[in-house]
Amino acid sequence: MRKDIKKQVQNRLKRIEGQVKGLQKMVEGDKYCIDIITQTSAVRNALSAVEDAMLENHLSTHVIEQVKKGSQKKAIEEILSVYKISKKK
């Protein structure tokens with residue numbers, strides 16, 4: 001994994017962990033539903049950013065290596081797999 005992406009993902013996941021703990025407290029404290037929904041949306045967006053970073057890492061490392069090694073068929077399969085995953089968002 002690229003070091004810059006790894007650091008970025010680790011930081012985001014720590015923030016997401018804090019957001020989820022905050023959500024638990026909000027539910028326990030019977031906070032306003034819209035406020036909770038707003039926070040769940042923020043968590044979802046943060047997870048999406050983690051997915052994006054991981055996809056970037058995969059394409060810029062593993063897939064590139066496959067192309068360099070002459071495994072174009074495997075690289076194409078990987079790219080299509082990434083595309084299908086990203087369409088499910």
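Throughout, read-outs are computed from the coordinates displayed, never taken from laboratory work. None of the values given here were measured: they were computed from a predicted structure. Positions of Cβ are generated from backbone atoms using ideal geometry, with glycine treated the same way; all protein chains shown enter the neighbour counts.
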- Note on the structure: Which of SER48, SER60, SER71 fluctuates most in a GNM of the chain (C-alpha springs under 10 Å)? That residue is SER71
- Message: Nearest 10 degrees is fine. How inclined is helix 3-28 to the longest principal axis of the chain, computing both from alpha carbons?
- Response: 30
- Task: Can you check what the net charge comes to around SER60, using other residues whose Cβ is under 11 Å from the Cβ of SER60 (Lys, Arg +1; Asp, Glu -1)?
- Result: -2
- Loop GluC sites (Glu not before Pro), segment 50-89, which have at most 16 other Cβ atoms in a 10 Å radius of their Cβ (DSSP): none
- Note on the structure: Exposure proxy check on ILE5, ILE37: fewest-to-most Cβ neighbours within 10 Å is ILE37, ILE5
- Per the helix-only model, the chain has a calculated mean residue ellipticity at 222 nm (DSSP H runs of ≥4, -39500 (n - 2.57) each, divided over all residues, rounded to the nearest 500) of -28000 deg cm²/dmol
- Message: Test of the criteria: in segment 5-65, which trypsin sites (Lys or Arg not before Pro) are in a DSSP loop and have at most 16 other Cβ atoms within 10 angstrom of their Cβ?
- Response: LYS31
- Note on the structure: Relative contact order of the chain (C-alpha contacts under 8 Å, at least 6 apart) in percent is 34
